[in-house]
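Undergrad: The structure is given below, and queries will be raised subsequently.
The values are calculated or read from the model by the stated rules, or taken from the named source; none is laboratory data. None of these values were measured; they are calculated from a predicted model. Counting neighbours? That spans all protein chains shown, and the Cβs are built from the backbone with ideal geometry, glycine included.
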Amino acid sequence: MEFVSRAAAYITPINRGDSVLAKAGGQTITARVTALPGDRVKASGGELYINGDKIGEYAMEDMDVLLEDGQYFALDSGGGGYELGKKNITAKVLFSW
């Protein structure tokens with residue numbers, strides 16, 4: 001169960017490590033923000049890098065993206081990666097239990 005705030009997603013900055021609710025692929029997901037605008041996200045051979053630092057191994061397609069203003073990259077609990085626009089982030093998760 002999660003306690004979320006829709007207002008927090010709009011009035012406070014989105015930071016690396018924040019858990020958010022977002023619309024992606026026609027569904028609502030819970031994911032942790034791992035990259036911010038201006039960061040380079042690269043996935044290659046099952047390994048994920050943020051600004052050249054290896055984050056871990058994830059089963060995702062190869063990609064190399066420089067996030068623009070208002071763009072974020074987030075990972076869900078299943079290891080799926082999502083490039084999200086600020087408008088797709090609908091709430092911040094304040095705590096879960």
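Undergrad: Take the residues in region 57-78 that are closer than 15 Å to residue 33 by Cβ, among the small types (Gly, Ala, Ser) and over 10 Å from the mean Cα position of the chain (by Cα); name whichever of them is surrounded by the most Cβ atoms within 10 Å (Cβ to Cβ).
TA: 70
Undergrad: Sort through 42, 86 and tell me the only one that's among the basic types (Lys, Arg) and closer than 16 Å to residue 9 by Cα. Outline the logic, then answer.
TA: Numbers: 42 fails: closer than 16 Å to residue 9 by Cα.
Exactly one of 42, 86 is among the basic types (Lys, Arg) and closer than 16 Å to residue 9 by Cα, namely 86.
Undergrad: I'd like the full set of residues that are crowded, with 16+ Cβ neighbours inside 10 Å and modelled with pLDDT of 95 or more, limited to region 9-28.
TA: 14, 18, 19, 20, 21, 22
Undergrad: May I pose another question? Quick one: would you say residue 83 is charged (D, E, K, R), outside any strand (DSSP E or B) and within 15 Å of the chain's Cα centre (by Cα)?
TA: It is false that residue 83 is charged (D, E, K, R), outside any strand (DSSP E or B) and within 15 Å of the chain's Cα centre (by Cα).
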